[in-house]
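Everything on this sheet refers to the single structure shown next.
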Amino acid sequence: LGEDGMPGTLNTERAITAQNARRIACDAEILPIVLGGDSLPLAVGRAKRTAPIHIRAALLRRDGVCAFPGCDRPPGTPEAHHVQHWVDGGRTDLDNMVMLCGHHHRTLHNQRWDITMRDGRPEFIPPPTVDPRRTPRPGGRALPARHRVYLRELIPAPRGPAGES
């Protein structure tokens, strides 16, 4: 709530851009709604955007902790990123997602890197400020053996039916 108590107001002098809205939505549980001039909903998006356990496990297997080219960050809690943004209709599936460390997830949004999928693997296209020719760089790598045990602990065990222990 804003200072005026009204929902949806920002306490800032700056307008929020579509790019910033996408970045914020990437890490939040957002239900996108497009409103017409009369403030009536024209389109309502999907409520679920997070990758389920089986998709996260497949992403970890394919990309490791972070698919960003040359990532040497220590393992942390990896983040599943939509190649085509979820708010723009991107699917929550293996062919539209990539695993990133927190640092490279922010880098991707802040510097405006693009990702394409080629033969089921992510390719990262740098912005002109990083590479004027925007040469695609292959991403993803095999998960180092020393990180597999650590990451296995991040995936919760399946729960049985209620009442079972």
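Summary of values
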quantity	calculated
Where a residue in region 86-108 is among the small types (Gly, Ala, Ser) and its partner, wherever it lies, is open to solvent by 20 Å² or more (accessible area, probe 1.4 Å) and outside any loop (DSSP other than H, G, I, E, B), with Cβ under 8 Å and at least six apart	102/79
Filtered residues of region 49-95 (kept if open to solvent by less than 10 Å² (accessible area, probe 1.4 Å), closer than 21 Å to residue 119 by Cα and not hydrophobic (A, V, I, L, M, F, W, C))	63, 64, 81, 82, 90
Test: residue 149 is open to solvent by 40 Å² or more (accessible area, probe 1.4 Å) and modelled with pLDDT under 85	yes
In region 95-118, the residues that are charged (D, E, K, R) and more than 24 Å from residue 53 (Cα to Cα)	112, 114
Odd one out for residue 89, checked against (1) modelled with pLDDT of 85 or more; (2) out of contact with any strand residue (DSSP E or B) (no Cβ under 7 Å at 6 or more places or on another chain)	(1)
Spans of strands (runs of 3 or more DSSP E) in region 48-135 with at least 2 residues under 12 Å from the mean Cα position of the chain (by Cα)	79-82, 97-100
Test: residue in region 122-133 that is open to solvent by 70 Å² or more (accessible area, probe 1.4 Å) and modelled with pLDDT under 90	no
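The values are calculated or read from the model by the stated rules, or taken from the named source; none is laboratory data. It should be emphasised that the depicted structure is a prediction, and the values quoted were computed from it without experimental measurement. Note that each Cβ is placed from the backbone with ideal geometry, even for glycine, and that neighbours are counted across all protein chains shown. Surface areas here come from the heavy atoms of the whole protein model, side chains and all, with no ligands, DNA or RNA. Shrake-Rupley method; radii C 1.70, N 1.55, O 1.52, S 1.80 Å.
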